[in-house]
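I have placed the structure first, in the form of structure tokens, so that the comments after it can refer back to it.
Values in this text are rule-based calculations from the coordinates and carry no lab data. What you see is a predicted model; the values in this text were computed from it and never measured. Note that each Cβ is placed from the backbone with ideal geometry, even for glycine, and that neighbours are counted across all protein chains shown.
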Amino acid sequence: MEELAFERRAAAEYDRAFAHVARYFMPSVLRAARIARGMRVLDIAAGTGLSSEAALSAVGPTGHVTAADVSPAMAEKARERLGEARNASVLVGEAQALSFSDETFDAVVCNRADVLPRTGTGPLGVSSGASSGRAGGSVGEYGPRALL
């Protein structure tokens, strides 16, 4: 019960603590992932949906953004942020355990790459053409380890 209370407090304070950082780095993350109108984007470790919101704006009404976070409280905040957008969905789950069919996404973004395990060329070993991404897909990430 104490862990759940902490998770709710963390979700409530996340935007105050990280919004300025996310807004600063998201244009670079979106450029690195080559996000464009009509793309299907997966946002892993989405938190309250700050990066999902930016990606949604970039993909426009013909694209789609799937936000995923391990925390139900964070996912709830992301749902609130993304509101009634018909081209957005929010999932709760560990990034490593997400399961999608191949070529589901054109790109993967991660605004908090520092919170994800690294097992290859990017967060979770995600790289261009990785499972669930289309061949020639792209990755954009931000976090201290993304700069290594």
| note | The correct count of residues that are within 20 Å of Arg37 (Cβ to Cβ), surrounded by 23 or more Cβ atoms within 10 Å (Cβ to Cβ) and touching a Ser or Thr at 6+ places or on another chain (Cβ under 7 Å) in region 48-89 is 3
| message | Kindly evaluate Val29 against the criterion of being assigned to a strand (DSSP E or B), touching a residue at least 40 places away in the same chain (Cβ under 8 Å), surrounded by 15 or more Cβ atoms within 10 Å (Cβ to Cβ) and touching an Asp or Glu at 6+ places or on another chain (Cβ under 7 Å). | response | no
| remark: Residues of region 82-107 being among the aromatic types (Phe, Trp, Tyr) and not in a loop (DSSP other than H, G, I, E, B), in sequence order, are Phe105
| Filter result (outside any loop (DSSP other than H, G, I, E, B) and either of a type in the set (D, E, K, R) or within 15 Å of Phe25 (Cβ to Cβ) (or both)) within region 41-56 | Asp43, Leu50, Ser51, Ser52, Glu53, Ala54, Ala55
| Qualifying residue in region 69-81 (condition: over 15 Å from Asn111 (Cβ atoms), of a type in the set (Lys, Arg), in a helix (DSSP H, G or I) and touching a residue at least 12 places away in the same chain (Cβ under 8 Å)) | yes
